[in-house]
Amino acid sequence: MSETIFDCSDIDQYLGKPMQPARMREPIHNNDIRRWVQAMHYPNLLHYDAGYAEESRWGKLVAPQSFAVTMDDGHGAGPACVGSIPNSHLLFGGDEWWFYGPRIQGGDMVHNERVPFDYVVKDTKFAGPTCFQRGDNNYYNQNGDLLAKQRSTAIRYSAEAGREKTSAEVVENTEDPVWTDQELAGIQERKFRWVQMLHDLGHGKRYLDDVAVGDALPERVFGPHSIASFTTEWRAYLFTIWGGTHRRTDLDLAALGFVDEMAGHENDPVMERINPELTDGAYFGPSRGHLFPRWARFIGMPRAYGYGASMGAWVVDYLSGWAGEWGMVTHSVASYRGPAFTGDITIMTGTIVDKFVDDEGRDVVQVDVRMANQVGTVLATAKAEVMLPKK
């Protein structure tokens with residue numbers, strides 16, 4: 001690989017200093033919640049069926065725990081990508097969540113207070129010197145209740161190194177795998193077994209007393225992924241709607257060091273009033289690599305690929321769906337090793353590795369989660385604590 005300068009020192013001036021908050025324009029609507037669970041492939045009646053939700057412990061439709069990330073204007077990556085790194089690209093590398101109890105529901109006004117946290121530069125096989133940068137997102141409702149905290153990790157690397165990564169190995173994987181009708185039918189059966197688990201538990205309680213260290217959680221399957229499914233995910237994030245949030249005035253993608261082809265006007269409040277199509281990351285700017293194979297290859301990906309924040313939501317939904325409405329994910333830390341690509345399926349599995357009382361006095365199980373594709377390539381790993389009721 002040719003010698004490149006990778007200077008991250010501009011980040012230092014931003015660490016620990018609050019940024020402009022992410023703020024909604026209108027209160028949450030129940031259909032925002034429904035759109036989210038539909039996009040995240042999470043068919044939990046509690047979050048979309050009004051009649052079922054009325055019979056729940058809340059007596060109304062509530063958002064899943066994963067919904068908090070929709071309150072940000074960049075998947076929670078904003079405080080993890082401040083500072084200029086010249087001629088760089090960015091990928092979402094993982095996030096850590098803490099949940100505090102209050103649930104988001106229709107009528108809520110939620111905002112996100114953001115603070116850049118830290119960064120470290122490591123040498124990687126993917127791109128040589130690589131910056132792993134973290135930032136905190138603190139989500140509050142209109143009453144000042146802290147709903148959740150998200151510590152996101154952005155991976156920032158040399159654009160030149162990314163282009164050199166686009167080698168024969170990448171080129172050979174530009175085509176989606178082909179599934180037979182029989183295989184697709186089998187995938188649908190596997191997917192529904194997890195949905196049936198949700199139905200079987202219903203409004204009931206999954207008791208701590210009834211689970212043990214070593215127990216496996218039911219398998220959850222997604223896909224096959226497609227540009228259509230990734231687009232559906234993108235559109236469920238509220239900031240992707242024209243005029244949907246108060247836009248940041250301190251965001252300049254070119255100033256962050258993004259190359260011209262991946263900078264543009266994404267989330268630009270001035271351009272949104274002139275030509276909003278240019279501000280839509282589905283078409284222009286750094287997010288378009290997800291939906292356009294040409295731009296995916298430009299940053300070193302073989303074909304269109306999914307969103308890191310969606311993977312984080314899948315982890316939280318997987319655990320909270322298993323726990324049921326009387327349980328709660330209290331903490332989760334996930335590391336993303338590679339994205340979901342079009343044509344692939346994603347298989348989630350989990351194993352209970354511990355049971356204990358946490359620092360808040362809550363009875364929790366600790367679960368190791370693994371996310372892999374159909375050939376066993378690991379996409380993400382996570383470790384989480386899930387509170388369960390006792391008999």
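The table below gives the values:
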| read-out | value |
| --- | --- |
| Identity of the residue in segment 236-247, open to solvent by less than 50 Å² (accessible area, probe 1.4 Å) and aliphatic (A, V, I, L, M), that ends up nearest to Ser84 (Cα to Cα) | Leu238 |
| Segment 108-146 - residue that is of a type in the set (A, V, I, L, M) and free of Cβ contacts under 8 Å to residues at least 60 places away in the same chain and, of those, nearest to Phe92 (Cα to Cα) | Val120 |
| Cross-chain or 6+ apart pairs with Cβ under 6 Å, segment 32-60 first and open to solvent by 10 Å² or more (accessible area, probe 1.4 Å), then outside any loop (DSSP other than H, G, I, E, B) and of a type in the set (Phe, Trp, Tyr) | His41/Phe222; Leu45/Tyr52 |
| Unique residue being within 28 Å of Arg362 (Cβ to Cβ), more than 18 Å from the chain's Cα centre (by Cα) and small (Gly, Ala, Ser) when the list is Ser88, Ser66, Ser84, Ser56 | Ser56 |
| Number of the condition not met by Thr240 [criteria: (1) within 26 Å of Ala53 (Cβ to Cβ); (2) at pLDDT 95 or above; (3) not aromatic (Phe, Trp, Tyr)] | (2) |
| Count of residues meeting criterion [under 14 Å from Arg114 (Cβ atoms), surrounded by fewer than 17 Cβ atoms within 10 Å (Cβ to Cβ) and at pLDDT 95 or above] in segment 15-31 | 3 |
| Yes/no for Val364 being more than 29 Å from Phe132 (Cα to Cα) and among the β-branched types (Val, Ile, Thr) | yes |
| Residue, farthest from Phe92 (Cα to Cα), within segment 161-183, restricted to residues that are modelled with pLDDT of 75 or more and surrounded by 11 or more Cβ atoms within 10 Å (Cβ to Cβ) | Glu183 |
| Of residues in segment 191-210 being charged (D, E, K, R) and part of a helix (DSSP H, G or I), the one least open to solvent (accessible area, probe 1.4 Å) | Lys191 |
| Filtered residues of segment 211-234 (kept if exposed (fewer than 13 other Cβ atoms within 10 Å of the Cβ) and touching a residue at least 60 places away in the same chain (Cβ under 8 Å)) | Ala212, Val213, Gly214, Ala216 |
| Elements of type strands (runs of 3 or more DSSP E) contained in segment 284-391, each with 1 or more residues being modelled with pLDDT of 95 or more, among the β-branched types (Val, Ile, Thr) and within 30 Å of Asn87 (Cα to Cα) | 328-336, 378-387 |
| Criterion violated by Gly308 - all others in (1) on the phi < 0 side of the Ramachandran plot; (2) more than 16 Å from the chain's Cα centre (by Cα) satisfied | (2) |
| Scope segment 248-280; condition touching a Pro at 6+ places or on another chain (Cβ under 7 Å) and open to solvent by 30 Å² or more (accessible area, probe 1.4 Å); matching residues | Thr249 |
| Top-ranked residue of segment 333-374 - restricted to ones that are among the small types (Gly, Ala, Ser) and under 21 Å from the mean Cα position of the chain (by Cα), ranked as most open to solvent (accessible area, probe 1.4 Å) | Ser335 |
| Residue match in segment 226-243 (condition: outside any helix (DSSP H, G or I) and either in contact with a strand residue (DSSP E or B) (Cβ under 6 Å, 6 or more places away or on another chain) or hydrophobic (A, V, I, L, M, F, W, C) (or both)) | yes |
| Qualifying residue in segment 314-332 (condition: open to solvent by 10 Å² or more (accessible area, probe 1.4 Å), out of contact with any His (no Cβ under 9 Å at 6 or more places or on another chain) and aliphatic (A, V, I, L, M)) | yes |
| Test result for Phe67, outside any strand (DSSP E or B) and either without any contact (Cβ under 8 Å) to a residue 40 or more places away in the chain or buried (at least 16 other Cβ atoms within 10 Å of the Cβ) (or both) | yes |
| Residues of segment 235-250 classified as in contact (Cβ under 8 Å) with a residue 60 or more places away in the chain and more than 24 Å from Ala340 (Cα to Cα), total | 8 |
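Quick grid of which residues meet (1) open to solvent by 50 Å² or more (accessible area, probe 1.4 Å); (2) of a type in the set (Asp, Glu):
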| site | (1), (2) |
| --- | --- |
| Gly106 | no, no |
| Met109 | yes, no |
| Glu113 | yes, yes |
| Asp118 | no, yes |
| Asp123 | yes, yes |
| Phe126 | yes, no |
| Phe132 | yes, no |
| Lys149 | no, no |
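The values are calculated or read from the model by the stated rules, or taken from the named source; none is laboratory data. No experiment lies behind these values; they were computed from the predicted model shown. Backbone-built Cβ (ideal geometry, glycine too); neighbour counts: all protein chains shown. Protein only, heavy atoms only, side chains kept; ligands, DNA and RNA dropped before computing areas. Shrake-Rupley method; radii C 1.70, N 1.55, O 1.52, S 1.80 Å.
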